[in-house]
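Report on one structure; see the data block that follows.
The values are calculated or read from the model by the stated rules, or taken from the named source; none is laboratory data. Bear in mind that the values here come from a model prediction, so they are computed numbers and not experimental data. In this analysis, Cβ positions are derived from the backbone assuming ideal geometry, glycine residues included, and neighbour counts consider all displayed protein chains.
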Amino acid sequence: MEALYLVCGARRPQLKRNPLGCAPKHHRPMTPARLATLFVYLGTVGVFVISAAVYSVLGGGPGAAIPALGVFKAGVTVALFASFLALGFALLEVRDSPGRNVATTATAGAAGFASLLLSIAAVRLWFF
């Protein structure tokens, strides 16, 4: 291995494979909070797509709206429970992190936003 001697007066040679002492950037792992939040957002989009598919497969009209609405209600309920799970994971991640950083705060905010919207949608669907 070839060594480079620095001009700054360091007594040890600096190895050529890592000349400035910088390590390669490590990719952050997908935490359970981020994975659950991603699942909630993708699941919410999936609920809309599946409900629209049920409506169009049944031919549209009032007769097709009833099963499509049932699928939509069930999907929103499942997504709501998943969003509460994601919010719990995100709050644990924020609590256990040594310092508040953008990634954990953004994950908690996204999970909270999804929980709020799905809660409003579930209340509107089930009680009105």
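Quick check on Ala74: is it in a helix (DSSP H, G or I), within 12 Å of Thr44 (Cβ to Cβ) and either modelled with pLDDT of 90 or more or of a type outside the set (A, V, I, L, M, F, W, C) (or both)?
Taking the combined requirement at face value, the residue does not satisfy it.
Selection of the stretch 50-106 for residues being farther than 27 Å from Thr37 by Cβ and among the hydroxyl-bearing types (Ser, Thr, Tyr) yields Tyr55, Ser56.
Scoring Gly60 on the criteria (1) out of contact with any helix residue (DSSP H, G or I) (no Cβ under 6 Å at 6 or more places or on another chain); (2) surrounded by 13 or more Cβ atoms within 10 Å (Cβ to Cβ); (3) of a type outside the set (Phe, Trp, Tyr) leaves a single failure, condition (2). Restricting to the stretch 115-128, name every residue that is in a helix (DSSP H, G or I) and either of a type in the set (A, V, I, L, M, F, W, C) or surrounded by fewer than 18 Cβ atoms within 10 Å (Cβ to Cβ) (or both). If the condition is that a residue be in a helix (DSSP H, G or I) and either of a type in the set (A, V, I, L, M, F, W, C) or surrounded by fewer than 18 Cβ atoms within 10 Å (Cβ to Cβ) (or both), then Leu116, Leu117, Leu118, Ser119, Ile120, Ala121, Ala122, Val123, Arg124, Leu125, Trp126, Phe127 are the ones that fit.
Quick grid of which residues meet (1) more than 22 Å from Val49 (Cβ to Cβ); (2) modelled with pLDDT of 90 or more; (3) among the hydroxyl-bearing types (Ser, Thr, Tyr):
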residue: Ala82; (1), (2), (3): no, yes, no
residue: Leu85; (1), (2), (3): no, yes, no
residue: Glu93; (1), (2), (3): yes, no, no
residue: Thr104; (1), (2), (3): yes, no, yes
residue: Ala111; (1), (2), (3): no, yes, no
residue: Ala114; (1), (2), (3): no, yes, no
residue: Ser119; (1), (2), (3): no, yes, yes
residue: Phe127; (1), (2), (3): yes, no, no
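Within the set Val49, Val40, the sole residue that is assigned to a helix (DSSP H, G or I), at pLDDT 90 or above and surrounded by 15 or more Cβ atoms within 10 Å (Cβ to Cβ) turns out to be Val40. For the stretch 88-114, the set of residues classified as surrounded by 16 or more Cβ atoms within 10 Å (Cβ to Cβ) and under 12 Å from the mean Cα position of the chain (by Cα) consists of Phe89, Ala90, Thr104, Thr107, Ala108, Ala110, Ala111, Gly112, Ala114, listed by residue number.
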